[in-house]
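Coordinate-derived values only; no laboratory data. As the structure is a computational prediction, the values presented were derived from the model and not from experiment. Here the Cβ is made from the backbone with ideal geometry for all residues, glycine too, and neighbour counts use every protein chain on show.
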């Protein structure tokens, strides 16, 4: 009856995955909500609602992609974020090439880790859901 590792079934929620996914979704949905609200001269309440909608849509779309499409999309998004971070650090902040590249690499690694964690989390949710049937 007792399994290795204490005998308990693993929890469906892990702090690490939840933190990285939440951080990435907050950044993406916050930027999208604020951008759309500013574009149409809406207030912060509308920006929050739009951001929430974007977060739900992003999660739904990413959880339905095939492995190849997910990896391609993750690589594309990470590349765009890294370029944006590098360009921002070199332009408005006026950092050196080395510091700007370091910031871009850090942003890419964090976002890549969030994509990886989200992929693992959705896989674990599917396995957990099938075990409950």
remark   = From fewest to most C-beta neighbours within 10 Å, the residues 34, 132 line up as 132, 34
note = In nm, the gap between the two label points placed 7 Å beyond Cα toward Cβ at residue 83 and residue 120 is 2.9 nm
ask   = Where the Cα atoms of the chain are projected onto their three principal axes, how long is each span, largest first, in whole Å?
value = 61, 39, 27
note = Ordering 103-115, 47-59 by per-residue average of other C-beta atoms within 10 angstrom, highest first, gives 103-115, 47-59
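Suppose R0 equals 25 Å; then what is the FRET efficiency for residue 46 and residue 22 from their Cβ-Cβ distance, rounded to the nearest 0.05?
Working: r = 22 Å, r/R0 = 0.87.
Efficiency, rounded to the nearest 0.05: 0.70.
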note = Fewest to most Cβ atoms within 10 Å: 71, 93 sort as 93, 71
task = With a point put 7 Å past each Cα toward its Cβ, work out how far residue 109 is from residue 94 in nm, to one decimal.
result = 2.9 nm
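How large is the helix-only mean residue ellipticity at 222 nm for the chain, computed as the sum of -39500 (n - 2.57) over DSSP H runs with n ≥ 4, divided by its residue count, in deg cm²/dmol to the nearest 500? List each step's numbers first, then the result.
Details: 4 runs with 106 residues, N = 133.
It comes out at -28500 deg cm²/dmol, rounded to the nearest 500.
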ask   = Given a cut-off of under 8 Å on Cα pairs at least six residues apart, what relative contact order in percent is computed for the chain?
value = 27 percent
